[in-house]
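Inspection log for the structure reproduced underneath, given as C-alpha cells.
The values are calculated or read from the model by the stated rules, or taken from the named source; none is laboratory data. Source: prediction; values computed, not measured. Positions of Cβ are backbone-derived with ideal geometry, glycine not excepted, and every protein chain shown enters the neighbour counts. Accessible surface areas use protein heavy atoms only, side chains included; no ligands, DNA or RNA. Shrake-Rupley method; radii C 1.70, N 1.55, O 1.52, S 1.80 Å.
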Amino acid sequence: MQSTLTKPEQQTQQQRPAGNGRANFLTPVANIHEDKDGYMLEAEMPGVTKDGLDVTVENGELVIIGRRSAAQPVGQALYRESRGWDFRRAFELDPSIDAAKITAKIEQGVLTLHLPKAEAVKPRKIAVS
C-alpha cells in the first residue's frame with residue numbers, strides 16, 4: 001500500500017538542469033510516521049543548515065531541497081565515499097493534509113516536518129442524544 005506522502009524516487013542520484021550546466025542531487029533518506037492528528041516526516045540531510053533549506057508545497061507536491069555549505073578540504077583527498085552534492089526529494093500530498101499548517105525544523109542535519117490532517121478527516125466522536 002502506498003502512503004499518502006510517498007512518491008517513489010527512481011534513483012538516489014538525480015540530475016536537474018541548473019543555469020548553464022547540470023546540478024546533481026542526492027535523495028535524502030526519509031522516515032514517515034502517522035498518528036491520529038497527522039504525519040511526521042524526518043529526512044536526513046547531513047551538512048544542511050536552516051539557511052540552506054527550501055521546503056515548498058505546490059500543486060499537491062511537497063518538495064524539499066537542502067544545500068550544503070561548501071567546506072574546503074584540508075590536504076589532498078586520498079579516498080572519498082561521500083559526495084558534496086545537495087539534496088532533493090519530492091512527495092505527493094494527499095488532500096487530507098492541511099498544507100497551510102505544515103511546520104518544519106532542522107537540527108543536526110535532520111529535517112522534521114509535521115503535516116497535520118485536516119479537521120474534516122480526523123476521527124471524531126459523535127454524541128448520541
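Here are the numbers for this structure:
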quantity	calculated
Which listed residue, of Leu115, Leu111, is in contact with a Phe, Trp or Tyr (Cβ under 7 Å, 6 or more places away or on another chain), closer than 29 Å to Asp51 by Cβ and modelled with pLDDT of 95 or more	Leu115
Matching residues in segment 100-126 - criterion: being β-branched (Val, Ile, Thr) and touching a strand residue (DSSP E or B) at 6+ places or on another chain (Cβ under 7 Å)	Ile102, Thr103, Ile106, Val110, Thr112
Strands (runs of 3 or more DSSP E) enclosed by segment 76-129 - at least 3 residues per element that are touching a residue at least 60 places away in the same chain (Cβ under 8 Å)	86-92, 110-116
Among the residues listed as Ala120, Ala90, Ala70, the single one being out of contact with any helix residue (DSSP H, G or I) (no Cβ under 8 Å at 6 or more places or on another chain) and open to solvent by less than 40 Å² (accessible area, probe 1.4 Å)	Ala90
Qualifying residue in segment 99-108 (condition: under 18 Å from Phe25 (Cβ atoms) and either of a type in the set (Gly, Ala, Ser) or open to solvent by 90 Å² or more (accessible area, probe 1.4 Å) (or both))	no
Qualifying residue in segment 44-58 (condition: under 26 Å from Glu119 (Cα atoms), open to solvent by less than 50 Å² (accessible area, probe 1.4 Å) and modelled with pLDDT of 90 or more)	no
Inter-residue pairs, beta-carbon under 8 Å, first more than 16 Å from Ala23 (Cα to Cα) and outside any loop (DSSP other than H, G, I, E, B) and in segment 53-75, second charged (D, E, K, R) and modelled with pLDDT under 90, 6+ apart	Glu61/Lys7
